[in-house]
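Worksheet for the structure shown next.
The values are calculated or read from the model by the stated rules, or taken from the named source; none is laboratory data. On a predicted model such as this, the values are computed, not experimentally measured, just so you know. Every residue, glycine as well, gets a Cβ built from its backbone with ideal geometry; the counts of neighbours run over all protein chains shown. These area figures cover heavy atoms from the full protein model, side chains too; ligands, DNA and RNA do not enter into them. Shrake-Rupley method; radii C 1.70, N 1.55, O 1.52, S 1.80 Å.
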Amino acid sequence: MERLQKVIAAYGYTSRRKAEELIKRQKVMVNGKIITELGTKVSPQDVISIDGVIINKDVKHEYYMLNKPRSVISSVTDDAGRITVVDLIDTEARIYPIGRLDYDTTGLILLTNDGEFANTLMHPSFEIEKTYIAKLDKVLTKDDILAIKKGITVDKRKVEVKRFKVKKRDLEKGTDIVEITIIEGRNHIIKKLFKELGVNVEKLSRIGYGFLDVKNLKSGEYRMLTIKEIKKLYALAKK
């Protein structure tokens, strides 16, 4: 027996959090009965339907890596009609992004219809390394760099920086291009980190997610993850 919201996510219909919202809104039925309790447990034999549609228990899971362009939303749909990361992938599966990148941030993002896989990667204990390239509107001082490496506190929590280096410095324009690797995924965390130093991030791109890198994908291109890569990500999560 498993919790209903976990099972819905595992079928790839939506994330566990969104599944909980659907249950609260009385959109979910089990064996023809409307369910409103989040703690409800179901067995493999139970028939689950959402908005009257039975979930396909034999759904094939799909896993993608996308190089997200600028001005693309990291969501399934957008009320304003803007392009989403899901729009860029040619599939009939109900995929959705694992985590998010800001509207103006480019780079590597994963998408899947495997709810359990997505929940595993997004869990706070899953400290996977994420590497970014950032263009800054100022030249960092030695004290700035030392502070970054020691760990800057953002919203009362220190950001652990695994690696940091200045890739390119333009003294005439007063800008730095830096590479930074962290192990968390709080919203706007890179921008907030530099903001603590009085520095603005003009451009930001995620180039690495654990052992995955985006270098062979052009902006807007995607590919399916291999079985080996999927297993390796699961293995990292269990460390």
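So, L233, is that one part of a helix (DSSP H, G or I) and either open to solvent by less than 100 Å² (accessible area, probe 1.4 Å) or free of Cβ contacts under 8 Å to residues at least 12 places away in the same chain (or both) or not?
Details: part of a helix (DSSP H, G or I): yes; either open to solvent by less than 100 Å² (accessible area, probe 1.4 Å) or free of Cβ contacts under 8 Å to residues at least 12 places away in the same chain (or both): yes.
When the stated conditions are applied, L233 passes them.
How many residues are over 20 Å from E221 (Cβ atoms) and either loosely packed, with under 13 Cβ neighbours inside 10 Å or without any contact (Cβ under 8 Å) to a residue 24 or more places away in the chain (or both) when one looks only at the stretch 83-94? Spell out the reasoning first.
The initial filter retains those residues of the stretch 83-94 that are over 20 Å from E221 (Cβ atoms), namely 94.
With the extra rule that they be either loosely packed, with under 13 Cβ neighbours inside 10 Å or without any contact (Cβ under 8 Å) to a residue 24 or more places away in the chain (or both), the set shrinks to none.
Going through the stretch 83-94 one residue at a time, the tally reaches 0.
Restricting the search to the stretch 134-189, which residues are part of a helix (DSSP H, G or I) and over 19 Å from I207 (Cα atoms)? Break it down stepwise before answering.
Of the residues in the stretch 134-189, the ones part of a helix (DSSP H, G or I) are 142-150, 189.
Passing the criteria: K142, D143, D144, I145, L146, A147, I148, K149, K150.
Any idea which residue in the stretch 190-199 is least open to solvent (accessible area, probe 1.4 Å), counting only those that are assigned to a loop (DSSP other than H, G, I, E, B) and aliphatic (A, V, I, L, M)? I'd like the intermediate steps shown before the answer.
Of all residues in the stretch 190-199, those assigned to a loop (DSSP other than H, G, I, E, B) come to 196-199.
When the remaining residues are screened for being aliphatic (A, V, I, L, M), the result is 197, 199.
Values: L197: 47, V199: 3 Å².
Out of the qualifying residues, it is V199.
Looking only at the stretch 207-219, decide whether some residue is polar (S, T, N, Q), part of a loop (DSSP other than H, G, I, E, B) and free of Cβ contacts under 8 Å to residues at least 24 places away in the same chain.
Looking only at the stretch 207-219, we keep the residues that are polar (S, T, N, Q), and these are 216, 219.
If we keep only those that are part of a loop (DSSP other than H, G, I, E, B) too, we end up with 216, 219.
Filter once more, so that each one left must be free of Cβ contacts under 8 Å to residues at least 24 places away in the same chain: 216.
Yes - at least one qualifying residue is present in the stretch 207-219.
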- line: Taking the stretch 29-72 and the residues there that are acidic (D, E) and within 18 Å of N113 (Cα to Cα), the one that is least open to solvent (accessible area, probe 1.4 Å) would be E62
- request: For the stretch 170-189, enumerate the residues that are more than 19 Å from G107 (Cα to Cα) and surrounded by fewer than 15 Cβ atoms within 10 Å (Cβ to Cβ).
  value: D170, L171, E172, K173, G174
field: the stretch 65-87: number of residues that are of a type outside the set (K, R) and either part of a strand (DSSP E or B) or within 13 Å of M224 (Cα to Cα) (or both)
entry: 5
statement: Of D102, D137, the only residue that is at pLDDT 95 or above, open to solvent by 10 Å² or more (accessible area, probe 1.4 Å) and acidic (D, E) is D137
query: Just checking, which of K149, K162, K156 is without any contact (Cβ under 8 Å) to a residue 40 or more places away in the chain, within 30 Å of G220 (Cα to Cα) and exposed (fewer than 15 other Cβ atoms within 10 Å of the Cβ)?
result: K162
message: Six or more apart or on different chains, Cβ atoms under 9 Å: show the pairs whose first residue is in the stretch 60-82 and over 25 Å from T120 (Cα atoms) and whose second is open to solvent by 30 Å² or more (accessible area, probe 1.4 Å) and basic (K, R).
response: R70/K203; S71/R82
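Going through the stretch 20-45 one residue at a time, which ones are touching a residue at least 40 places away in the same chain (Cβ under 8 Å) and of a type outside the set (V, I, T)?
Initially, the stretch 20-45 is screened for residues touching a residue at least 40 places away in the same chain (Cβ under 8 Å), giving 41-43.
Residues satisfying the conditions are K41, S43.
Using the structure shown, decide if N187 is in contact (Cβ under 8 Å) with a residue 40 or more places away in the chain and of a type in the set (S, T, N, Q). Give the derivation first.
Values: in contact (Cβ under 8 Å) with a residue 40 or more places away in the chain: yes; of a type in the set (S, T, N, Q): yes.
So N187 fits the description; yes.
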Those residues of the stretch 18-33 which are assigned to a helix (DSSP H, G or I) and out of contact with any Asp or Glu (no Cβ under 9 Å at 6 or more places or on another chain), in sequence order: K18, A19, E20, E21, K24
- request: Give the number of residues within the stretch 88-118 that are more than 10 Å from the chain's Cα centre (by Cα) and either outside any loop (DSSP other than H, G, I, E, B) or of a type outside the set (V, I, T) (or both).
  value: 16
